[in-house]
Structure formats: structure tokens, C-alpha cells
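Remarks on the structure that follows.
The values are calculated or read from the model by the stated rules, or taken from the named source; none is laboratory data. The model shown is predicted, which means the values in this text are computed figures rather than measured ones. As a convention, Cβ positions derive from the backbone with ideal geometry for all residues, glycine included, and neighbour counts pool all protein chains shown.
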Amino acid sequence: MARTTSPPPPEELAEKIIDIDVSEEMRGSFLEYAYSVIYQRALPDARDGMKPVQRRILYQMNEMGLRPDRAHVKCARVVGEVMGKLHPHGDSAIYDAMVRMSQPFSMRVPLVDGHGNFGSLGGDDAPAAMRYTEARLGRAAQLLVSSLDENVVDFQPNYDGQENEPEVLPAAFPNLLVNGASGIAVGMATNMVPHNLGEVITAARHLIAHPDASLEDLMEYVPGPDLPTGGTIVGLDGVRDAYRTGRGTFRTRATVSVEKVSPRRTGLVITELPYNVGPEKVVSRIKELVQNKKLQGISDLKDLTDRNQGLRLVIELKNGFNPEAVLEELYRLTPMEESFGVNNVALVDGQPHTMGLLDLLQVFVDHRLDVVRRRCEHRRAKREERLHLVGGLLVALLNIDEVIALIRDSEDTAQARQRLMTTFELSDTQARYILDTPLRRLTKYDRLELENERDQLRKDIEELTAVLESDSKLRRLVSKELGEVAKDYVTPRRTVLQESSGETRNASIPLEMADRPCHVLLSSTGLLGRSSGQHVPPMHDGLRTQHDAVAASVPTTSRGDIGLITDLGRAIRVPVVELPELPDDASDSPSQAHGLPVEEFVQLEEGERVVSVAALDDDGPGIAVGTAQGVVKRVASESPPNKDDFEIIGLRDGDRVIGASQLATGDEDLVFVTTEAQLLRFPAEAVRPQGRPAAGVVGVRLPEDGRALWFGAVPVPEDTVVLTVAGSTEELPDTGGGSAKVTPFEAFPTKGRATGGVRCQRFLKGEDRLVLAWIGRSPARASRADGGPIRLPDLDERRDGSGEPLPRPIAVVGTGRTDTGLASAAGSGTTG
């Protein structure tokens, strides 16, 4: 049968209305809430630098035995223990605090040793869930929780009164200054910057030894913050304000170096970012600025960050832009330069205070003195208690027979204890200890051990008493312990301090490089480069190999275009700014003393090679081109619009371009040298300019099986020489390099175009052709393939004389003068 209940009486159902003042209730409730947030959640304690959740995490991990020498455990287990016993809030808040304490880019000295994905710099990659990650206490965290069992700090009940937790940790180093803190409370916030542990401890030791030290004295040891991510602090005025008043602002910059990121490109390599700025934030901002055309000079951006080399962002720059100017723009427009606002708000005796460097160190020193004092008192009390027991046990050993007889004759334990106390004048504690001691310890050997222990205990008690009775000894002990911590945990400073105000833009540095005069050089081995000034570097300066020489040079400007003329009759446009800049003296900059292969700038067909360089869109007389079949052509330097590759001569089948020269005035002489040892010299004005598709006109008459060996323009006949080397159609033997002859250029008369010219060398026995020809300013220099020099014959005034035998084949020939005066110095080659 169902049981029924009677309704409550009407008086209990009546409404109970209490009149209250709403404003007073709101004020009281809000103040209670605000105090709870300030004291229980948001602000750190100035003594140990811990917020309650951080303190509870470290304490509970210590209670669980998760020391650095133990295995990692799941973070979910730690979070559950903390939440169930100490922290009555959500698990996400606990896990977030635990993650931050394990991040080396957030904490200057991490306190949790994490295993797994604990997030990335700037929060670009969120940490894994706590069911996947594992953790244990870090080595430095043991310094914060050590001696908790020695009554060094007060304990308080937890939220339900079933557990106890420390009000503050012992903190063997200034954690608040070393690791910083951030938090937002009600009506106030804190934002404290990390520092170097060694510097802070040195300042704390100085304050211990000199309690009246000034802020300036301490700043000699702590010159500025030391951020976990390194970087550069620009301007120290804000740092000094923060140390003086607890509030200040300073700017941090990324660490950037200018490097060669590819053979043709210079780049900015970022290895350190401002505090709490991640690479993804920087990359996305740069891409946005480049896309919106608010940032110029950047061609590519790569994030090469990995676990082995750490942070590495490579910003590839376009040629023609000053890296320093682009870097200043990046500082101005991107998070590569950020401001950090210091607000040193922490709890002192439960009340929030804004403190400077001196106040923060003083609070820590006072706390540490109190901890060490209480530890000494606890240890002295323990030793005194042990000494009391040892003294009673020694009395029993000295009267062992009487003690045994007394115990045997006693009715029970209480009677035995009472008789021991009366007979030997022992305390109740001593009597109980004697009765609890096993007989095996009452030997002669144990008596000696007890006597040694008694002496050691007395010595320890005297030392602890001396420390407790002397403030100077207590301070020396605290300073010594801090020194040991610094010795074991100090790390080098990571952040560079820059005193200057750091204006973000230097107006004296233009964003783009100036359009300066220069020379573009082509070497005989196919290397390209540009001079740093208006003069052509010496023969071997700016070249990568010892046996290289300048084959062609052309004056231009650093922001102009040049054309690479190939033996297929093509001109390929190349911006001068993309060419590597050669130093005036290669010995001053060995790493830059070479050009780059032409293949780095243009794509050539199989078997195609570059024979010369010419300035494009030049208003001069144009370019003179000569071919192996004796064809000559003058073509205007102007290039077709929107074309980077165009034809400058229509070649016949089997023909190749052997030389091309930029004409400076049109008064130059054009010269052909043929394999039959014929040299033809005629005025450039004898060749009428033609359009680009034209095939040219006859330059030199050749026999049926003959061909032209060298072609070029000679503007200055004085001091110009002709080097020819005769050989055989058969391969030259290894022991010789043919016969060479050096003749003054003035010895050869001017002839008409389309004639055969005059003989320039007579063949010796076994020789039937020229294998090398070169015309340039005296003195001529020749080299072997291995770079060794070859002595050339003396100047021979006979234009058709025979040559002198060479010991080795010539690989390269050129001039040793910087003022070649030739529009083209081509003609270097090999005799073997």
C-alpha cells in the first residue's frame, strides 16, 4: 500500500521576504568576487612568484613523487589530482597553466618537464590534449618545493578542509623575476618580464650583503630583461622606468642576419623573434603586406623552422633592394618589432602592490631569510629531540644488566617504563624509546655509533644555534645557497640590450639601390659579375679560378639591362642588378671574389655558349658581330619591348658567332683573325647598320676550308698587341703547345672590308693553322689549364714572322691592365 504524506502547514508555505539595500549587496558581492579573483586566481605572490594554480600543480606533483629521476606520467592524472584535492576550478585552467610552465619559449627556466606536444611559439600550434601528453617536475622546480616537510612555510586547509596546502612555496630562487608572470584580475593586471637567473641571483646576494643597496647598485647586476626567445631590446629607458616604478614600456626586435640564400639572391634570415610572437603571425603579416603592395623588395618567404636548427625564417629579397632598408620596413610594419608593457603587480601579505626591482628583490630576500630561519629551527628541534633519545639509550647501555633485570621483573610495560624513569632519571620519551629498542642494538658496536651520533648532533645544534642567533651568519648561509643554485642552473644571456632609442627608419638608407655606373664582366670560363665602381677590376680580381681572365666587359649602370650574346646569334636580356657585385680588391673579400656561371641567369640550348656581353637600349653606334664564316654585321643596341630573348643576326647553316663588341664611338677598327694566319683590319664605319633579322655582309674573304678564329673591335691602337699561336690540324703532343708570336697591332695596315687581309704569322715545320688568337692591351698574360703562368715571347715587330715554340698549351690569355680600352677582350682559348 502506497504511503501518503500530509502537506506542510500553511505558515511554512508563506513567502519569507528580507528587505536589503541593493547597492550595499552589490558592493559587498562585487568586492568579495574581486578579492577572490585577485587573491585566488590572477595575481602571483611576490615571494615565490606563483599563482595559486601553479603552486598547487607543483606541490601536488611533488606529493605524487614525480621528480626528475622518475618516469613521466599522463598530464590528465596530474590535472585530476590537482582539481580533486586542491583547485576547485575547471581542468582546462589547470592544464593551460601546466603547459605554460613546460614551454621553454614562455618560461626562462621551465618548471615542468613535458613529454609530447606542448604547443609552439606564439600559440600557432595548440598543445595536444592532456590525455596524450606526459609530464614530471623539472630540475628547477625542485628548488621551489624543497624543504616543505621542515615547517618552512605555513599550510592552510584546501577548499573542503580535507587536505592541506602550502600558502607559499619555499622558493630557493627569485622565480617571479626569473620567469615573469601575466594575469588579468578585476580592475588590475600584471605583466612581468623574465630575467636571467644568474644576474638576478647575483643582485639578490648583493642585497643580502648590503641591505641598504640602491636601485642603481642592483641594476649593475641586472642590466635588463632576458627573454626566453632571445631577440634584442631596443632602448633601455623604459626598462629603467620599470625597475624604478614598476611600470614601463620597451621594444623588442627579432634577431636577423643578412645572408646569401641562393647563388643569385640575398636574404634576411630570422633566428629569434620578440617574446610571445610566433613565426606564423610574422609570415602571415608579411604575405599580407606584399600582396597589398605595402612592402616592396621581397620575392619569397620560407619557414625552415625545425627541431634541429630551431627557428629559421628566410626572407628572399629582390635584387636592387637594400637589405637594411627592407629590414627597417619589416620592423615598422610587422610583429618583428613589438612593445612590451611592464606592470609589476604582485601580492604582498595578501594585498596587490606595484613594485620595482628593489622591492621585488627585497620581498624575496625577506622570504628566503624567513624560510632558512624556520628550517634551521626545525632542524635544531629535530636534532635536540634525537639527542634526548640518544642520551637515554646511552644510559641504558651503560647499565644494561640492571635495565634488563628491571624490565624482566616488571609486571607490564607501564610498570617497566615507570621504574626506568625512577631508577635512571629518564624522561617518559626516553623510557618508551628504550623499551621499543630491539636487543640487537644494545651491543658494544652500537654504543660507539651512538656516542659518535651524540657528538655530531651536539655539533649540528651548536652550528644551527649560531646561525639562528646571528643575523650575519643567517644572511651568509642564504647567500651561499643562492650561489650554489646559480652555479648549477645559470645559463648565458639570450637577449641583446641596445641602449639607443632605436628609430625604426633610417632615412639615409633608400629602399632601392642607387643607379650607379659599373662594368659587367664575362670571364673566359663563363662567369658573370659586375664591378662595384666605374673601373674594370684587374685580370684575376673578381674571378673564381686562378686560370680565368676577363673575356668581355661593357660599361652600364647597376639598374640597367645587358644582353648576353651567344654563338647562335641570340641576345638574352639580364638585369644588371641580378649579377653578383665584385669587390675592387678580391683579397679584401675572398668569399665574394668570383662571379656566377651564366647558366644561373639564362637557359642555353645544348652546345650553345655566351661569347660576349653588350649594353641594351644604348644610344651609341650599336654592336658589331662577327661569325666563323667571316660575316660581319652592325646592329642597333635597342631591344624589342617585352622580349627577353631575341635574334641579332640571321646565321647561315653551320655558322656561329665568334665575337661581338659594343661600339663606343663608331671610330673603332673591326678585326678578323683567320685560321690561315690572315688578319684583316677595317673601319667600323665601313659596315652599314642593319636590322636584327638581317644576315650581315662579308667581312673577310676566306678560302674554301678556312674560318675566322677571332673577331673584335679595337678602339685604341696604341699599346695594343696581337697574340697568335700556330699549330697543326693534328692533335698537339703533350710536350708542346705550338709556336706563339706577339706583334704590335700598329704593324698591320688597314684594308678594305671583304678582303683577305695580311699575314700575321708564318708557320713552322709541321704547323698548318692558327689555333688561338687574341688582341688586347699590352702586356699579354697567358696561363696553363692548372693556373700556372706561361712565358710569352718578346714583342716581334715583323707582322709575318714565325713564332717561338711554347712548352705547354695555353688555356687562357688576357691582359693585366685595368684600363683595357677594348670594347671586347674576347679571344681567350686553348691550344691543346
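Table for the structure above
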item	result
Residue under evaluation Ser284, criteria (1) small (Gly, Ala, Ser); (2) in contact (Cβ under 8 Å) with a residue 12 or more places away in the chain; (3) surrounded by fewer than 19 Cβ atoms within 10 Å (Cβ to Cβ), criterion not met	(2)
In segment 242-265, residue nearest to Thr354 (Cα to Cα) [restricted to those that are hydrophobic (A, V, I, L, M, F, W, C) and part of a strand (DSSP E or B)]	Phe250
Selected residue (only one of Ile208, Ile233 is part of a strand (DSSP E or B), in contact with a Leu (Cβ under 9 Å, 6 or more places away or on another chain) and either of a type outside the set (Phe, Trp, Tyr) or at pLDDT 95 or above (or both))	Ile233
Test: residue in segment 443-453 that is under 60 Å from the mean Cα position of the chain (by Cα), surrounded by 11 or more Cβ atoms within 10 Å (Cβ to Cβ), acidic (Asp, Glu) and assigned to a helix (DSSP H, G or I)	yes
Any hit, segment 172-192, residues being among the aliphatic types (A, V, I, L, M), surrounded by fewer than 16 Cβ atoms within 10 Å (Cβ to Cβ) and part of a loop (DSSP other than H, G, I, E, B)	yes
Residues of segment 320-333 classified as surrounded by fewer than 20 Cβ atoms within 10 Å (Cβ to Cβ) and in contact with a helix residue (DSSP H, G or I) (Cβ under 8 Å, 6 or more places away or on another chain), total	2
Some residue of segment 706-715 being part of a strand (DSSP E or B), within 22 Å of Val554 (Cβ to Cβ), touching a strand residue (DSSP E or B) at 6+ places or on another chain (Cβ under 6 Å) and not hydrophobic (A, V, I, L, M, F, W, C)	yes
Output for segment 660-697, where each listed residue is among the small types (Gly, Ala, Ser), crowded, with 21+ Cβ neighbours inside 10 Å and over 23 Å from Val610 (Cβ atoms)	Ala677
Index of the failed condition, Ile94 passing every other in (1) buried (at least 22 other Cβ atoms within 10 Å of the Cβ); (2) under 29 Å from Arg373 (Cβ atoms)	(2)
Which listed residue is β-branched (Val, Ile, Thr), modelled with pLDDT of 95 or more and farther than 30 Å from Ala695 by Cβ, from Val467, Val536	Val467
Filtered residues of segment 602-636 (kept if under 18 Å from Ala686 (Cα atoms) and either touching a Pro at 6+ places or on another chain (Cβ under 9 Å) or in a loop (DSSP other than H, G, I, E, B) (or both))	Gly620, Pro621, Gly622, Gly630, Lys633, Arg634, Val635, Ala636
Any hit, segment 156-179, residues being of a type outside the set (A, V, I, L, M, F, W, C), under 25 Å from the mean Cα position of the chain (by Cα), over 30 Å from Arg380 (Cβ atoms) and at pLDDT 95 or above	yes
Qualifying residues in segment 207-248 (those that are under 29 Å from the mean Cα position of the chain (by Cα) and acidic (Asp, Glu)) - the one nearest to Pro274 (Cα to Cα)	Asp226
Cβ pairs under 6 Å, 6+ apart, first in segment 600-611 and surrounded by 13 or more Cβ atoms within 10 Å (Cβ to Cβ), second in a loop (DSSP other than H, G, I, E, B)	Glu600/Pro263; Glu600/Arg264; Glu608/Leu568; Arg609/Asp567; Val611/Asp567
Segment 632-659: number of residues that are free of Cβ contacts under 8 Å to residues at least 60 places away in the same chain and exposed (fewer than 15 other Cβ atoms within 10 Å of the Cβ)	7
Near pairs, Cβ below 7 angstrom, 6+ apart or cross-chain, from segment 331-343 (of a type in the set (S, T, N, Q)) to any residue that is in a strand (DSSP E or B)	Ser339/Thr249; Ser339/Arg251; Asn343/Ala189; Asn343/Thr190; Asn343/Asn191; Asn343/Arg247
Residue selected from segment 306-317 under the condition in a loop (DSSP other than H, G, I, E, B) and more than 10 Å from the chain's Cα centre (by Cα), by the criterion farthest from Asp125 (Cα to Cα)	Asn308
Within segment 205-229, tally of residues that are crowded, with 21+ Cβ neighbours inside 10 Å and closer than 21 Å to Thr255 by Cα	6
Residue check, Leu31 among the aliphatic types (A, V, I, L, M), under 30 Å from Asp359 (Cα atoms) and modelled with pLDDT under 80	yes
Among (1) farther than 20 Å from Glu167 by Cβ; (2) modelled with pLDDT of 95 or more; (3) of a type in the set (Asp, Glu) - the single one Asp69 does not satisfy	(2)
Strands (runs of 3 or more DSSP E) enclosed by segment 722-821 - at least 3 residues per element that are out of contact with any helix residue (DSSP H, G or I) (no Cβ under 6 Å at 6 or more places or on another chain), within 21 Å of Arg701 (Cα to Cα) and at pLDDT 85 or above	769-777
Neighbours by Cβ (under 6 Å, 6+ apart or cross-chain): first from segment 83-97, assigned by TED's automatic domain parsing to the domain that holds Met130 and under 23 Å from Asp113 (Cβ atoms); second in a loop (DSSP other than H, G, I, E, B) and at pLDDT below 95	Lys85/Glu163; Leu86/Asn158; Ile94/His87
Subset of segment 664-699 that is of a type in the set (Val, Ile, Thr) and in contact with a Lys or Arg (Cβ under 8 Å, 6 or more places away or on another chain) - its residue that is nearest to Ser553 (Cα to Cα)	Val671
Segment 410-436, subset acidic (Asp, Glu) and outside any loop (DSSP other than H, G, I, E, B), residue surrounded by the most Cβ atoms within 10 Å (Cβ to Cβ)	Asp428
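A quick yes/no check of all residues on (1) within 30 Å of Arg47 (Cα to Cα); (2) in a helix (DSSP H, G or I):
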{"site": "Asn319", "(1), (2)": "no, no"}
{"site": "Gly341", "(1), (2)": "yes, no"}
{"site": "His367", "(1), (2)": "yes, yes"}
{"site": "His378", "(1), (2)": "yes, yes"}
{"site": "Lys382", "(1), (2)": "yes, yes"}
{"site": "Leu387", "(1), (2)": "no, yes"}
{"site": "Val390", "(1), (2)": "no, yes"}
{"site": "Leu394", "(1), (2)": "no, yes"}
{"site": "Arg408", "(1), (2)": "no, yes"}
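Let's see how each residue does on (1) more than 13 Å from Ala677 (Cβ to Cβ); (2) within 60 Å of the chain's Cα centre (by Cα):
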| site | (1), (2) |
| --- | --- |
| Leu723 | no, yes |
| Lys751 | yes, no |
| Leu764 | no, no |
| Gly776 | yes, yes |
| Pro809 | yes, yes |
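For (1) in a loop (DSSP other than H, G, I, E, B); (2) hydrophobic (A, V, I, L, M, F, W, C); (3) assigned by TED's automatic domain parsing to the domain that holds Ala172, each residue gets a yes or a no:
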residue: Ala213; (1), (2), (3): yes, yes, no
residue: Pro223; (1), (2), (3): yes, no, no
residue: Leu227; (1), (2), (3): yes, yes, no
residue: Arg240; (1), (2), (3): no, no, no
residue: Ile270; (1), (2), (3): no, yes, no
residue: Glu280; (1), (2), (3): no, no, no
